[in-house]
Structure formats: C-alpha cells, structure tokens
Amino acid sequence: MDVRIIVETTFENGTTKTRRLGRLSRPFRSTQPEGFGLLLEDAKSVLWQLQQAILLDQIEEVSEASRVCPDCNKVRTIHDYRSRVLDTLFGRFRVKVPRIRRCACNAKSEVTLGGPLSPLARFFPDRSTPELQRLQAELGARHSFREAARIMEIFLPCAKQANTSVRNRLGKIAKEIGDSEYAEPVVSSAEKNATPMTVFLDGAHIRCRPEYQKRHLDVVVGKIESAQMSRRFGLVQQAAQSPSRQVRQDLQDTGWDGESPVTVISDGEPALPNLVRYAVGGPVRHILDWWHISMRVKHVENAVRGLLQTKSFSGIPVLFERPAERLRWYLWHGKVRVGTTSLQWLMTDCERLCKDDPEVRDAATRVQARCRELYTYLANNMDSLTDYGRRYRNGLPISSSRAESCVDDIGNTRMGKRRRMRWSPKGAHHVAIVRAAVLDGRLTSTYHRAAA
Ligand SMILES: [Zn+2]
C-alpha cells in the first residue's frame, strides 16, 4: 500500500492551502516485521516536513497581517526580506521574513519615519523556540550534556545537538528561573495567611574542576514547605549572585508573606541556617536534626554495651546501663541539662575503670570518646535543641530527612562522585537550579500554562 500525507491549512481570512508532505510505501508482498506501521525515521521526516509547512504558513499569515497599517488600514510595502535561522524541536529552518516600510500617514516628514519594521522579530528573539530551550535544559539537568544531546537526536528531527549548546541553554534557563520567570502563579496577598514555613537544609559534595584549586564543591540543597506548598531548591554559594536572595525568592514563591515564622532543620553545619537567616532578614528558629543526635546517642549506647560485655568488668553495671538508657529519653524530651549531666557521670565512671586490665580500659576509653563526641555536638548546638517529643506529637517535623532526599535527587544523581565528572561552581549552580525546577515539575507546568 501507499500512504500519502497531505496537510491542509485554513488561514484566518478563509483561504486554504494544501501541501503534499510525501508518501510512505508499504508493499505487502515484501513487508518485514520491521516495516509495520510508522518507523522512527519516517516519523522524524514527517515531523520535520510538517513543522516546515506550519512554520512557512504561519510566517506568511503573520507577515500579511502586519502589512496593514493600524492607523490608515492601507497595505504597507515590503522593504526587503531577511533570512533567519530558526531552531525548533522538529528541525532547524532557514526562513525568509519580510521587513515592512513604515506608513507615512501618521508622520510629519520622512525623517521621523525610522527604519523598516520587523514584525516577526519578537517571535524568535533567540533564534530558537522556547520549547526547544526548555527540553534542552530539562534533559541536560537529567543526564550528562552529551547524553542529553544524543537522546534528542535519537527521537527528534532537530538539528545536530552539541553538548556545549545543551549546557548553554541550561545556563540560560537557570538564569530565567532565577529571574522568577518560572515562579508559580503569585498568590494574592489576601490568600496569603501567616503560614509557618519550614526549610529543610543539607549539603551535597561534588567534585570540583582542578582549576578552582580545591577538591570539592558544596551544593546547598533543600526543601521549603508550607502547609499548602513545597518546593525544592539547590545552589552553589560561590556561584550564586546572591544566595540569600535566591532563598528569599523561593520562600516567597512557596507562599511566605515576609513575616510569618521560619523554621530551619539541618545538621550541625552553622553556614546552612545562616543562609536562611540572611534570606529572611530576621530571626529564624533553627532546630538540630533529630537523626544526627540519635545516631550519636546510638554510638554511646553501643560503646556502653561493649564495656559491659568485657570479661573482667568490675564496675557496677547499673551505673553504666541506666545513664545510657535514659540519655535518649532526656534528649528526646528536650531535657538537655540532665542529658549532658548524665553524659558527664558516664565519663567520670569510665575514668575509674581505666586502671583495670587492658580490655576494660580500651572499652572504657571508647565510651568516653563517644560521650565526648556527643557532648561537644550538643554543646555546639545548644540553642538548636528542642523538645523533639512534643514537636513529634504535634505533627511537626523533627528531621531533615526530606533535605537528604534532595541531596540524592538534586546533587548525587546528576553530579555525584560516582559519575566521575568535575564541575565548575557556575556549572553546578545552574544544574542544581534547573534540576530542582524539573523535579518540582515547574519547567513543564509553565509550558502547559503558556500553551493553554
Ligand atoms: Zn498608515
């Protein structure tokens, strides 16, 4: 059989135009399993031709319509044609677009007329369609730039993709996201009520390119949550123009009214809550992640268990068992003073055992070391401890685990050490921004809104 593809365009003025886009041949006698239906290569060629047909017709329609002078309704003359290259998802086309002479009806003299008009210039300021740019950015955020270019070439009749142009597009989209082009529709101030915001923060470490004189780069990743919304974010502090402004923008896009309380949950790294403090420009409640405390308590518990199991243990077991058991309970309920006191008792009791035989001494030293670790950790973060039990019962978050999933999603999956790529601060910053937007579905939702 033969399949003919014909496109019929009906212009707004009622005229129609028919184009033949070629044909497919499927002779049944020689049909192979490979020849059933439309093949990828056929589809790519059909799409390319269809795109060309639609583009040419659209350019024709828009140029014709813009020749009519809005003041006197006369048809203006065409000055000349300019050749323009237009990049789309479905091919790169060189098109001829007209420039139109200005009408003299409204001008006092020839001098005030100005140069010819380019009615189509505003449609492709970057010589490429926004959809192409977004797809390049999205694929570049999901895969390596080289891989992204390859995927596009496999499925689309687009022009040859260079990994550098994918990278540049991603950078451009990252800037647009920074300029808030992809912000959610702004909530009107009446709808904004004082919802408390929670920011979960963590850091991902990625390899740095050698010319930056250091081994690793820190990508700050996190999640902002209010009662209604949540959004991920990622940034590299030294590449961001103003990291705190970016976080502030993200807070506002999530519905923050500029006043309602902001809580930050992170591990003991002081730079992270400070970033949010600068963004908020006021007091921020910082809460130390419970999981990081719990893990250190676990180390103490294990060390005590090891000590009690030594053969020649000569102390009174309950003196060690009790504080180790109670420690977690004290910290969970925010009784930090009692908790640290029991830590000190544990350390003192271990001190006495250090005169015993080597096995006990080693185990006791281990308990002391674990206790000291926890003690220092608590002492350094004293202001960030809270009654975790009460928060938990009230349904409030106590752990930054939601930021930890962002570490994987935004940082490690695309830029992790196992991928053996090295990054410049700026490159990593752009990928972090676009990846966060892609994972939130912000890139595509804007597109659907724009198309609707
Ligand atoms: Zn006119």
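Summary of computed values
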{"quantity": "Pick from segment 224-280, criterion of a type in the set (Phe, Trp, Tyr) and crowded, with 17+ Cβ neighbours inside 10 Å, ranking: farthest from Ser400 (Cα to Cα)", "calculated": "Trp256"}
{"quantity": "Residue in segment 47-64 that is among the aromatic types (Phe, Trp, Tyr), at pLDDT 90 or above, in a strand (DSSP E or B) and surrounded by 14 or more Cβ atoms within 10 Å (Cβ to Cβ) present", "calculated": "no"}
{"quantity": "Qualifying residue in segment 5-26 (condition: part of a loop (DSSP other than H, G, I, E, B) and more than 30 Å from Cys105 (Cβ to Cβ))", "calculated": "yes"}
{"quantity": "Those residues of segment 35-76 which are among the β-branched types (Val, Ile, Thr) and out of contact with any helix residue (DSSP H, G or I) (no Cβ under 7 Å at 6 or more places or on another chain), in sequence order", "calculated": "Val46, Ile54, Ile59, Val62, Val68"}
{"quantity": "Flag for Trp329 being touching a Lys or Arg at 6+ places or on another chain (Cβ under 9 Å), modelled with pLDDT of 85 or more and either in a helix (DSSP H, G or I) or acidic (Asp, Glu) (or both)", "calculated": "yes"}
{"quantity": "Residue in segment 20-40 that is of a type outside the set (Ser, Thr, Tyr), at positive phi and at pLDDT 90 or above present", "calculated": "no"}
{"quantity": "The listed residue being touching an Asp or Glu at 6+ places or on another chain (Cβ under 9 Å) and away from the ligand (no atom under 16 Å from the Cβ), out of Arg82, Arg127", "calculated": "Arg127"}
{"quantity": "Residues (surrounded by 17 or more Cβ atoms within 10 Å (Cβ to Cβ) and small (Gly, Ala, Ser)) located in segment 145-171", "calculated": "Ala148, Ala149, Ala159, Ser165, Gly171"}
{"quantity": "Condition check for Val219: over 22 Å from Gly339 (Cβ atoms), touching a residue at least 40 places away in the same chain (Cβ under 8 Å) and hydrophobic (A, V, I, L, M, F, W, C)", "calculated": "yes"}
{"quantity": "Members of segment 420-452 that are at pLDDT below 85 and loosely packed, with under 14 Cβ neighbours inside 10 Å", "calculated": "Arg420, His448, Arg449, Ala450, Ala451, Ala452"}
{"quantity": "Cross-chain or 6+ apart pairs with Cβ under 7 Å, segment 85-96 first and over 18 Å from Lys44 (Cα atoms), then surrounded by 17 or more Cβ atoms within 10 Å (Cβ to Cβ) and among the acidic types (Asp, Glu)", "calculated": "none"}
{"quantity": "Cross-chain or 6+ apart pairs with Cβ under 7 Å, segment 314-337 first and more than 21 Å from Thr365 (Cα to Cα), then in a loop (DSSP other than H, G, I, E, B)", "calculated": "His333/Asp387; Gly334/Leu385; Gly334/Thr386; Gly334/Asp387; Val336/Leu385"}
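Let's see how each residue does on (1) among the small types (Gly, Ala, Ser); (2) in a loop (DSSP other than H, G, I, E, B); (3) surrounded by fewer than 18 Cβ atoms within 10 Å (Cβ to Cβ):
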| position | (1), (2), (3) |
| --- | --- |
| Trp345 | no, no, yes |
| Cys350 | no, no, no |
| Lys355 | no, yes, yes |
| Ala364 | yes, no, no |
| Val367 | no, no, no |
| Cys371 | no, no, no |
| Thr376 | no, no, yes |
| Asp383 | no, no, yes |
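Okay, residues lined up against (1) within 16 Å of the ligand (Cβ to nearest atom); (2) more than 46 Å from the chain's Cα centre (by Cα):
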position: Ser45; (1), (2): no, no
position: Gln52; (1), (2): no, no
position: Ser66; (1), (2): yes, no
position: Asp71; (1), (2): yes, yes
position: Gly91; (1), (2): no, no
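The values are calculated or read from the model by the stated rules, or taken from the named source; none is laboratory data. Since this is a predicted model, take the numbers as computed values, not measurements. Heads up, the Cβs are rebuilt from the backbone with ideal geometry, glycines too, and the neighbour counts pull from every protein chain shown.
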